[in-house]
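Please read the structure below before turning to the comments.
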Amino acid sequence: MSHADQLIRKAAERDVLFGVVGLGYVGLPLAYELVCAGYRVLGYDINDRVVNSLMSGHSHIKDISDAQLAEMLKDKRFVATTDAARLAEPDAISICVPTPLSKFKDPDVSYIVAATGAVKATLRPGQAVVLESTTYPGTTREVMQPALEETGLTVGEDFFLAFSPERVDPGNATWHTRNTPKVVGGVTADCTRVVAALYQPAIETIVQVSSIETAELVKLLENTFRSVNIGLVNEMAIVCDKLGVDVWEVIDAAATKPFGFMKFTPGPGIGGHCIPLDPHYLAWKMRTLNYKTRFIDLASEINSQMPAYVVEKVAHALNAERKAVNGSNILVLGVAYKRDIDDVRESPALDVIRLLEGSGANVSFHDPYIPTIREDGHVHEGVDLTAKLLASMDAVVIVTDHKKVDYQMVMDNASLIVDSRNVTNGLVKTKARVVTLAASTRAAAEVMV
Ligand SMILES: NC(=O)c1ccc[n+]([C@@H]2O[C@H](COP(=O)([O-])OP(=O)(O)OC[C@H]3O[C@@H](n4cnc5c(N)ncnc54)[C@H](O)[C@@H]3O)[C@@H](O)[C@H]2O)c1
C-alpha cells in the first residue's frame with residue numbers, strides 16, 4: 001500500500017497521531033478539534049511556559065477553557081512538549097507558528113523556517129506536513145518544500161505537503177474551527193487528497209483547491225477583502241463627518257438592501273495578527289514582481305490613520321470645554337483589538353494611548369479582559385471601572401465595544417465620551433456629552449464641537 005493510501009486508511013480508522021507545531025490562538029483550538037475527532041495529538045511549542053501551563057491543565061487561550069483542556073489531557077489524548085525530537089512520532093504535522101511583519105512591513109517567515117527545520121530534522125517516509133500560518137503565495141513551495149526535500153525524501157511520494165489556512169475567529173461563538181469550512185491545497189494531487197482525508201474527521205467541510213498557491217491566496221483574499229472594506233467604511237465615516245451625516249444610519253439603511261451589499265462598520269482602526277498584517281504579505285510578494293497593490297496600500301493607509309482621527313476627536317471635544325489634551329485625565333475604555341477577546345496585539349488602542357500620552361494626557365485604561373498591557377518594556381496596569389473613576393475623568397474614549405461593559409453606567413457618570421464604536425447609540429442620554437467618529441444628527445444636535 002502506498003504511503004498516501006496508508007495515511008488515508010489511518011485517518012478513517014482514527015489511528016493517527018497528529019502533531020501541532022505552535023500552540024497559540026490557532027494551534028490549540030485545532031489540537032482540540034483533532035482530539036475530539038478521535039485522534040491523539042502531540043503539541044510542540046518552543047515556549048516552555050506555554051507547554052508547562054497546558055500540561056498542568058491551564059489554557060492560555062480564551063477560546064479553549066480549562067474544562068476543554070481537561071478533556072484533551074484525559075487518557076493522554078493530548079500531550080504537549082518542547083522536545084523537537086518527538087516530531088518523528090506524528091503521522092501528520094500542522095504548523096501554526098506566527099507570521100509577523102518586520103519593522104519595514106516585510107514578511108517575517110523566520111518562524112516558518114525554524115518550524116520547518118524542526119520538522120525536517122526528523123522527517124520520515126509516510127509523514128504529512130501542513131502549513132496553517134498565513135503567508136505570501138509561494139512560501140510552501142519555495143521555502144518549505146526544498147528544505148524538506150533536502151532529506152532525500154520526495155514530496156507526493158515519501159511525504160506529503162499542503163497549505164491549509166486557519167480561519168479561526170477568536171471570540172466568535174458561532175463559527176469555530178470545526179464548523180468553518182477548511183481549504184486545502186497540496187503540492188501534488190496526492191498531497192491534497194491525503195491532507196483532506198486527515199482533516200476530514202475534525203472539520204465539517206473540506207474545500208479542496210487545485211494548487212498550494214491557490215490555498216495561500218484564498219486566505220490573503222479573505223483578509224484583504226476585510227481590510228479594504230473596513231478602509232472604505234472608515235473613509236465613509238470621515239466623509240459623513242464632513243457632511244454632518246450619521247454614518248451608522250447610512251450603513252444600517254444601506255444594509256437593508258438584500259443583495260450586493262455587505263455591512264462593515266467604522267472604528268478606531270484595525271488590530272490583531274491578521275487584518276493589519278496579512279495584506280502586506282501579498283503587497284510584498286507583488287512588489288517582488290514589480291506590481292503595486294493599490295487597494296491594499298490605500299486601505300492600510302486609511303485604517304492606520306484612524307487612531308489619530310480618534311485622538312483628533314478627543315482634542316476637539318476637550319477644546320469645546322476650554323481644555324487641552326495636555327494635562328487632561330483620559331480613560332481609554334477597551335484595549336483589546338476587537339470585542340469580547342483578550343488579545344491586544346496590534347490593537348488601535350495602543351496607538352490611541354501612545355498619541356494621547358504624546359500630547360501630555362494622563363491616560364489610564366480599563367478592559368474587562370486585559371488587566372495589564374506590556375509594551376516596549378513598560379507595564380500599564382488597568383484600572384477598575386467605577387462611577388468615581390468615571391467622574392474624575394476629563395474624557396472617556398471608547399475604543400473596544402466589549403459586551404461586558406455597562407455603557408449606561410458610563411453615560412451616567414462620565415462628563416465627556418468619545419465613542420469610536422457607536423456603542424452608546426440608543427442608550428439613555430444622562431450626564432455625558434457624547435462625540436462619535438462621524439457627526440451624527442443625534443450628536444450634532446446635542447453637541448456643538
Ligand atoms: N489569531 C488568529 O485569529 C489567527 C486566525 C487565522 C490565522 N492566523 C495565523 O495563524 C498563525 C499563528 O497565529 P497565532 O495567533 O496562533 O499565533 P500565537 O502567537 O498565538 O501562537 C504561536 C505559537 O507558536 C509558538 N512558536 C513560535 N515559533 C515556534 C517554533 N519554531 N516551533 C514551535 N512553536 C513555535 C509560539 O511560542 C506560540 O505559542 C499566524 O500565521 C497567523 O497569522 C491567526
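The numbers here are math on the coordinates, done by the rules we state, and not lab data. These numbers were taken from a predicted model, which means no experiment stands behind them. Because the Cβ atoms are built from the backbone with ideal geometry, glycine has one as well, and the counts that use them run over all protein chains shown.
Largest GNM mean-square fluctuation across Asp419, Asp63, Asp406, computed for the chain with C-alpha springs under 10 Å, falls on Asp406. Write down the percent of antiparallel bridges among all DSSP beta bridges whose residues are both part of region 1-135, to the nearest 5. Given both bridge residues lie in region 1-135, the antiparallel proportion sits at roughly 5 percent.
Return the loop-located chymotrypsin sites (Phe, Trp or Tyr not before Pro) in region 252-298 (DSSP other than H, G, I, E, B) with at most 10 other Cβ atoms within 10 Å of their own Cβ; answer none if there are none. Kindly include the intermediate steps, with their values, before the conclusion.
Working: sites: Phe259, Phe261, Phe264, Tyr281, Trp284, Tyr291, Phe295; in loops: Phe259, Phe261, Phe264, Tyr291.
Answer by residue number: Phe259, Tyr291.
Look at Asp66, Asp108 and count the other Cβ atoms within 10 Å of each Cβ; fewest to most, that gives Asp66, Asp108.
Given 0.36 nm per residue, what is the gain on full extension from Glu375 to Phe261 after removing their alpha carbon distance, in nm?
37.2 nm
Within the chain, DSSP assigns beta bridges of which about 15% are antiparallel (rounded to the nearest 5). For the chain, the Cβ-based charge dipole about the Cα centre amounts to some 600 debye (Lys, Arg positive; Asp, Glu negative; other atoms uncharged). Once the Cβ-Cβ distance of Ser415 and Glu13 is raised to the sixth power relative to R0 = 56 Å, the FRET efficiency obtained is 0.25.
Put simply, the C-alpha atoms of region 110-179 give a gyration tensor, and the ellipsoid matching it has half-axes of 26, 13, 10 Å, longest first.
As a ratio to 2.2 N^0.38 Å, the alpha-carbon radius of gyration for region 287-395 is 1.25.
For region 318-324, 3J(HN,Hα) computed residue by residue from phi via the Karplus equation (6.51, -1.76, 1.60; θ = phi - 60°) reads 5, 4, 4, 9, 6, 10, 9 Hz, glycine and proline entered as x. Note: the chain, Cα convex hull, 153 Å³ per residue. Shape verdict for region 89-221, please, from the Cα gyration tensor: rounded (a/c under 1.5), prolate (a/b greater than b/c) or oblate. Taking the square roots of the gyration eigenvalues as a ≥ b ≥ c, region 89-221 is oblate.
Across region 1-114, Cα-Cα pairs farther apart than 19 Å form 47% of the total.
Using a ≥ b ≥ c from the Cα gyration tensor of region 215-265 (square roots of the eigenvalues), is it rounded, prolate or oblate, where a/c under 1.5 gives rounded and otherwise the larger of a/b and b/c decides, a/b for prolate? Since a/c reaches 1.5 but b/c is at least a/b, the shape of region 215-265 is classed as oblate. Given only helices, namely DSSP H runs of n ≥ 4 each adding -39500 (n - 2.57), what is the per-residue ellipticity at 222 nm of the chain, to the nearest 500 deg cm²/dmol? Using -39500 (n - 2.57) per qualifying helix, the result is -11500 deg cm²/dmol. Cα gyration tensor of region 358-408, axes a ≥ b ≥ c as square roots of the eigenvalues: rounded (a/c below 1.5), prolate (a/b > b/c) or oblate? Oblate. Within straight-line reach of Lys429, meaning a Cα separation under 28 Å, sit the following lysines at least 8 residues removed in sequence or on another chain: Lys242, Lys263, Lys313, Lys323, Lys338, Lys388, Lys403, Lys404. Taking other C-beta atoms within 10 angstrom as a stand-in for reagent exposure, Arg193, Arg77, Arg287 fall in the order Arg287, Arg77, Arg193, fewest first. Packing here is the average count of other Cβ atoms within 10 Å per residue, and on that basis the peptides 165-174, 211-220, highest first, run 211-220, 165-174. GNM on the chain, alpha-carbon springs under 10 angstrom: the most fluctuating residue among Pro100, Pro29, Pro146 is Pro146. Computed from the C-beta positions of Ser110 and Arg322 and an R0 of 35 Å, the FRET efficiency is 0.10 to the nearest 0.05. Reducing region 355-427 and region 151-204 to their Cα centroids gives an inter-centroid distance of 41 Å.
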